[in-house]
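K.L.:
Take a look at this one; I'll ask things after.
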Amino acid sequence: MRFFPLVFSLATLATLGCNSEERATTPKPAAATSVGFNVGGNPTVQFASEGLHCEMCDASACETLAEVPGVIDILADHKTNTITVAIDDATFENDAALTALHENKLFKDAKVVGDTAEATGNEEDNAG
């Protein structure tokens, strides 16, 4: 019975992983809901990544992209494996955002899956 606390502790830690749907959840902050996302109606770029497993992964994606120039707002959703970014079209570059995501090992498979921006990425790519 000496090992009971250790076994119990390891079992408890195992239930706290990213994929645990059964753990108690705390209310999400207002910023994490779609109600307040992109209230300015800015153009958006959407990324897909299998690295989104839970709300902590969502937060990591937001922290990763927050420092990228031209990012105005971010909404990461582990349920759909998407990260939607509201952007300033004049200063945002897809390549910079992808580099930031790829440098975070969780999102090394990230790719652009859609955008509403007029010009994103390298200018040569947009020139045709």
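K.L.:
Mind checking the full-extension length gain between Glu50 and Glu63? Use 0.36 nm per residue of separation minus the Cα-Cα distance, one decimal, nm.
P.N.:
Using 0.36 nm per residue and subtracting the Cα-Cα distance, I get 3.0 nm.
K.L.:
On to the next question. How many angstrom separate the Cα center of the range 68-93 from the Cα center of the range 41-64?
P.N.:
Cα centres, the range 68-93 to the range 41-64: 7 Å.
K.L.:
Here's a follow-up. Before anything else, pin down the relative contact order of the range 41-118: Cα pairs under 8 Å, at least 6 apart, normalised by residue count, whole percent.
P.N.:
Taking the mean separation of contacting Cα pairs over the length of the range 41-118, I get 44 percent.
K.L.:
What FRET efficiency do you get for Ile72 and Lys105 if R0 is 30 Å and r is their Cβ-Cβ distance, rounded to the nearest 0.05?
P.N.:
Efficiency computed from Cβ-Cβ geometry: 0.70.
K.L.:
Whole-Å semi-axes of the range 41-118's equivalent ellipsoid, largest first, each the root of 5 times a Cα gyration tensor eigenvalue?
P.N.:
Semi-axis lengths for the range 41-118 are 18, 12, 11 Å.
K.L.:
Next question. Within 10 Å of each residue's Cβ, count the other Cβ atoms and sort Glu103, Glu93 from fewest upward.
P.N.:
Glu103, Glu93
K.L.:
Under a plain spin-label model, where a point goes 7 Å from the Cα along Cα-to-Cβ, how far apart in nm are Lys79 and Thr116?
P.N.:
Once both label points are built, they end up 2.0 nm from each other.
K.L.:
Stretched out fully, how many nm does the piece from Ala90 to Phe37 gain, at 0.36 nm a residue minus the Cα gap?
P.N.:
This chain segment gains 17.1 nm when fully extended.
None of the figures in this text is laboratory data; all of them are computed from the coordinates on show. All values reported here derive from a predicted model rather than from experimental measurement. Virtual Cβ from ideal backbone geometry, glycine too; neighbours counted across all protein chains shown.
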